[in-house]
Amino acid sequence: MIWNYQRISLSCVSALFLFSFNAGPKITGITGPLLAGETSLHSLAPASHAILNPKKAIAPYTIYLTFDDGPCAGSEKVNELCQKDNLFINVFLIGKNVYRNENSRMLFHQYISNPLIETGNHSFTHAERHYRQYFRDPETVLSDFNRNRDSLLFSNNFARLPGRNFFRLDSLTRNDITNGSEAADTLAANGYHIFGWDIEWRSRPAKGISLHTGSEMIEIVQKMISKKKTFLPDRIVILLHDPELQDSAFRSALEDFIDKARADGNFRFDHLSNY
Ligand SMILES: [Zn+2]
């Protein structure tokens, strides 16, 4: 029951945080080139899970599909995937990508108006891909995340660090390497809830990452949960990337994974707000 307590605690902190962000005068210092009236799309509150998930037995294990680095080519496919499968998905967005061109702004609007999608902060610049240098200065990291928050007006305080797999959720923490730890602490002290991941799934082999079919991923997920290799028990956070959904073979593997997880009966998909 300890996890129930943590969930309650997380919700309370989130509620306080949201209040502190949304109450009072409008945030000043908006750095992103928002258009007049654009923020009104944020008022399209996500539908409650109860509406989308009619009453049924709750599966014991939860899978959180999280997509990083959008909006970009591939984000349209993320939207299609969740709508086709009535699937809850979290995306972590880069402000710089949103303002790249008209198409990326349109993709951002598709995300924030889709009740199946929860958005989160993945920094404004993504460290310009110079992670080591970026994370040496925690204050720069904080202002980069604040810049993204104030530009995109997220409805939560969820954050994912670029290039770093760290968790900071209340008193629960995890680092993958040392560089970035202080920056993660600074973000957490400023109200951010930082989500890392339990496993990364890519469309092609990368450093330390293998290529997997949908069936292989189900086996891996089952093993990680049964051997308690995940950050929290009975749930697994999977990291994917928007651009990779352009790969049709990878998309098929992912859809196969989703079908098999649902057919199994032991898994359900949910938003990180219910983590
Ligand atoms: Zn990223």
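The values are calculated or read from the model by the stated rules, or taken from the named source; none is laboratory data. Just so you know, these numbers come straight off a predicted model, no measurement behind them. Note: ideal-geometry Cβ built from the backbone for every residue, glycine included; neighbour counts use all protein chains shown. Protein only, heavy atoms only, side chains kept; ligands, DNA and RNA dropped before computing areas. Shrake-Rupley method; radii C 1.70, N 1.55, O 1.52, S 1.80 Å.
Here are a few things to note about the model shown:
- Candidates L240, L232, L161, L245 - the one that is of a type in the set (A, V, I, L, M), within 16 Å of the ligand (Cβ to nearest atom), open to solvent by less than 30 Å² (accessible area, probe 1.4 Å) and in a loop (DSSP other than H, G, I, E, B): L161
- Criterion (within 16 Å of the ligand (Cβ to nearest atom), at pLDDT below 95 and touching a helix residue (DSSP H, G or I) at 6+ places or on another chain (Cβ under 9 Å)) met by exactly one of S210, S203: S203
- T66 of a type outside the set (D, E), open to solvent by less than 10 Å² (accessible area, probe 1.4 Å) and either within 16 Å of the ligand (Cβ to nearest atom) or in contact with a strand residue (DSSP E or B) (Cβ under 6 Å, 6 or more places away or on another chain) (or both): yes
- Region 196-229: number of residues that are over 18 Å from F167 (Cα atoms) and open to solvent by 20 Å² or more (accessible area, probe 1.4 Å): 19
- Test result for I58, loosely packed, with under 12 Cβ neighbours inside 10 Å, more than 21 Å from the chain's Cα centre (by Cα) and either hydrophobic (A, V, I, L, M, F, W, C) or at pLDDT 50 or above (or both): yes
- Subset tally (residues that are open to solvent by 20 Å² or more (accessible area, probe 1.4 Å) and either closer than 21 Å to R105 by Cβ or of a type in the set (F, W, Y) (or both)) for region 129-145: 2
- Search result, residues across region 107-148 that are within 13 Å of the ligand (Cβ to nearest atom) and in contact with a Gly (Cβ under 6 Å, 6 or more places away or on another chain): F124, Y131, N148
- Among residues of region 170-188, those that are touching a residue at least 40 places away in the same chain (Cβ under 8 Å) and open to solvent by 10 Å² or more (accessible area, probe 1.4 Å), counted: 7
- Among the residues of this structure, M217 counts as one that is closer than 18 Å to F67 by Cα and among the aliphatic types (A, V, I, L, M).
- Test result for L161, closer than 28 Å to P233 by Cβ, in contact with a His (Cβ under 9 Å, 6 or more places away or on another chain) and not basic (K, R): yes
- Number of the exception - A73 against (1) part of a helix (DSSP H, G or I); (2) within 16 Å of the ligand (Cβ to nearest atom); (3) modelled with pLDDT under 95: (1)
- Scan of region 85-126 for residues that are open to solvent by 40 Å² or more (accessible area, probe 1.4 Å), in contact (Cβ under 8 Å) with a residue 24 or more places away in the chain and more than 13 Å from G70 (Cα to Cα), ordered by number: N86, S113, P115
- Of all the criteria given as (1) surrounded by 14 or more Cβ atoms within 10 Å (Cβ to Cβ); (2) outside any helix (DSSP H, G or I); (3) on the phi < 0 side of the Ramachandran plot, the one not satisfied by G191 is (3).
- A263 passes every criterion in (1) at positive phi; (2) out of contact with any strand residue (DSSP E or B) (no Cβ under 7 Å at 6 or more places or on another chain) apart from (1).
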